[in-house]
């Protein structure tokens, strides 16, 4: 079955530590996205990538970094510079915009908490 | 002005009634419109896409788009307790690098 796999489901970060959230898709989608969702809040865009080896900052990129070395993979690193990382992190993908605004599909998410 | 605005609710309807969820967007260049359902603690799942003015029906769900008024709505007929969730409206503008803009969601409770 095609889909988006996020791991781990739960993650705990110690003070001063960087942690990496995994996102893999086998939908052959060109575009991938990372969102952060805080309790009772909407989705806020962290980073997005339309093509391999290229990515753009979203609205809240500070304290986060990404890479897009393969079409299938778009890992997100939460660095120690992100002082309030506790949130629900969602990875999404979509067919590229050139094919006419197809919807995003989401992984199951990763819950990150501070120890 | 936010890109996408929704009434956060909560909206409560009795079982079997019609639930009406509304969304407005700010950019006339928006081209594609989506409704997602998000159960508590879960990720959003796509329930409807709409691209042109008018109504689009899928089972108990009807999406309505009015580009002149920059307004999208979702009607849920014969509401069931299992429809209780937060509904997110999303808008896609390809002139911004295929970004998607989400509303903050409307919380719906269907009362048995």
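The values are calculated or read from the model by the stated rules, or taken from the named source; none is laboratory data. In this text the structure is predicted, and so the values were computed from the model without any measurement. Cβ placement follows ideal geometry from the backbone for every residue including glycine, while neighbour counts extend to all protein chains displayed.
Brief remarks on what is shown
- Number of the exception - residue A:36 against (1) at pLDDT 95 or above; (2) over 12 Å from the mean Cα position of the chain (by Cα): (2)
Matching residues to (1) assigned to a loop (DSSP other than H, G, I, E, B); (2) under 27 Å from residue B:86 (Cα atoms); (3) more than 14 Å from the chain's Cα centre (by Cα); (4) within 13 Å of another protein chain (Cβ to nearest Cβ):
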position: A:12; (1), (2), (3), (4): no, yes, yes, no
position: A:22; (1), (2), (3), (4): no, yes, no, no
position: A:28; (1), (2), (3), (4): yes, no, yes, no
position: A:32; (1), (2), (3), (4): no, yes, no, yes
position: A:41; (1), (2), (3), (4): yes, yes, yes, yes
position: A:46; (1), (2), (3), (4): no, yes, no, yes
position: A:90; (1), (2), (3), (4): no, yes, no, yes
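- Positions within the range A:56-78 being under 20 Å from residue A:12 (Cα atoms) and in a strand (DSSP E or B), in sequence order: A:64, A:65, A:66, A:76, A:77, A:78
- Yes/no for residue A:107 being buried (at least 19 other Cβ atoms within 10 Å of the Cβ), at the interface with another protein chain (Cβ under 10 Å from one of its Cβ atoms) and touching a helix residue (DSSP H, G or I) at 6+ places or on another chain (Cβ under 7 Å): no
- Residue identified as in a loop (DSSP other than H, G, I, E, B) and either in contact with a strand residue (DSSP E or B) (Cβ under 9 Å, 6 or more places away or on another chain) or surrounded by fewer than 17 Cβ atoms within 10 Å (Cβ to Cβ) (or both) among A:6, A:17: A:17
- Qualifying residue in the range A:76-85 (condition: within 15 Å of residue A:33 (Cβ to Cβ) and either surrounded by 15 or more Cβ atoms within 10 Å (Cβ to Cβ) or more than 12 Å from the chain's Cα centre (by Cα) (or both)): yes
- Residue within the range A:48-70 that is buried (at least 21 other Cβ atoms within 10 Å of the Cβ) and more than 14 Å from chain B (Cβ to nearest Cβ) present: yes
- Among the residues of the range A:86-99, the ones that are under 20 Å from residue B:42 (Cα atoms) and surrounded by 16 or more Cβ atoms within 10 Å (Cβ to Cβ) come to 8 in all.
- Listed by position, the strands (runs of 3 or more DSSP E) enclosed by the range B:36-112 that each have at least 1 residues that are facing another protein chain (nearest Cβ under 8 Å) and crowded, with 20+ Cβ neighbours inside 10 Å are B:85-93, B:99-102.
- Per-region count, the range B:12-35, residues outside any strand (DSSP E or B) and either modelled with pLDDT of 95 or more or loosely packed, with under 15 Cβ neighbours inside 10 Å (or both): 7
- The set of residues in the range B:1-11 being more than 10 Å from the chain's Cα centre (by Cα) and outside any loop (DSSP other than H, G, I, E, B) consists of B:4, B:5, B:11.
- Flag for residue A:102 being crowded, with 17+ Cβ neighbours inside 10 Å and farther than 26 Å from residue B:9 by Cα: yes
- For the range A:92-115, the set of residues classified as in a strand (DSSP E or B) and either over 15 Å from residue B:99 (Cα atoms) or out of contact with any strand residue (DSSP E or B) (no Cβ under 8 Å at 6 or more places or on another chain) (or both) consists of A:110, A:111, A:112, A:113, A:114, listed by residue number.
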